[in-house]
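Structure record follows, encoded as C-alpha cells.
Quick note: the coordinates plus some simple rules give every number you see, no bench work behind them. Model, not experiment: these values are computed from the prediction. All Cβ positions, even for glycine, are placed from backbone atoms using ideal geometry, and neighbour counts span all protein chains on display.
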Amino acid sequence: MTKYHELNVSASKTRKRVGRGIAAGQGKTAGRGTKGQGARTGKKLHAMFQGGQRALVQAVPKGRGFKSLRTPAQVVYLDNLNALKGKLVDNATLFEAGYINTPFHAVKVITRGELTKAIDLRVAGASKSAQAAILKAGGTFIKTAVPLNKSTKNTEETVKK
C-alpha cells in the first residue's frame, strides 16, 4: 500500500486533452454528453440560466429602498426628567425609572414640556433645545458613549485572573 509521504504530487496539474480519439479516454463527445445545448460549440450560459424558463432571480421582486442596520436611539422626553430622584441622570438611572428598555443602547433626550430642576445629564445625545433647557434650569449636559453590556462570560474571566 502506498504511504501518504511517498506520494508523488506536483504543484501544477496537467490539463485534460479532450476530443483526441476514443483511445484517449475523452474522445468522441469529449465529456459534453450527447446532444443538447451544453454539447454545442459556443456554449456561453450564465449561472442562473434555467433552459429558457424565467429565472428565479427575475421572478423575485427587487428589494427597494434602504434598511439601516443601526439600532435607533431610545427617546426620553425632557419633562420626564423632573420625576427622577437625584441630580445625576444617565442610562442606568433612566432604566431603573422605566423610561428606557435597556441601559446598553443610545439614549436621546428631546424637548417636550419644561424642566424644573437642575440635573447633570450624561447620555449619548440631546436635542439643541433640550440642551438649552437643561442649561437654563441650572444643570449640565455631557455627551457620553453608550455603556457596554458586560456579559457573565467576561466577568468570570476577570475573576479567574
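Cβ-Cβ contacts under 7 Å between residues 6 or more apart (or on different chains), taken from a first residue in segment 126-147 that is over 21 Å from residue 95 (Cβ atoms) to a second residue that is hydroxyl-bearing (Ser, Thr, Tyr) and surrounded by 13 or more Cβ atoms within 10 Å (Cβ to Cβ), are listed as 129/111; 133/111. From the list 41, 71, the one residue that fits, being in a loop (DSSP other than H, G, I, E, B), of a type in the set (Val, Ile, Thr) and in contact (Cβ under 8 Å) with a residue 24 or more places away in the chain, is 71.
Before we move on, is residue 95 surrounded by 13 or more Cβ atoms within 10 Å (Cβ to Cβ) and outside any loop (DSSP other than H, G, I, E, B)?
Details: surrounded by 13 or more Cβ atoms within 10 Å (Cβ to Cβ): yes; outside any loop (DSSP other than H, G, I, E, B): yes.
Considered against the rule, which asks whether it is surrounded by 13 or more Cβ atoms within 10 Å (Cβ to Cβ) and outside any loop (DSSP other than H, G, I, E, B), residue 95 comes out as yes.
Would you be able to say whether some residue in segment 13-22 is hydroxyl-bearing (Ser, Thr, Tyr), surrounded by fewer than 10 Cβ atoms within 10 Å (Cβ to Cβ) and assigned to a loop (DSSP other than H, G, I, E, B)? Yes, segment 13-22 has at least one match.
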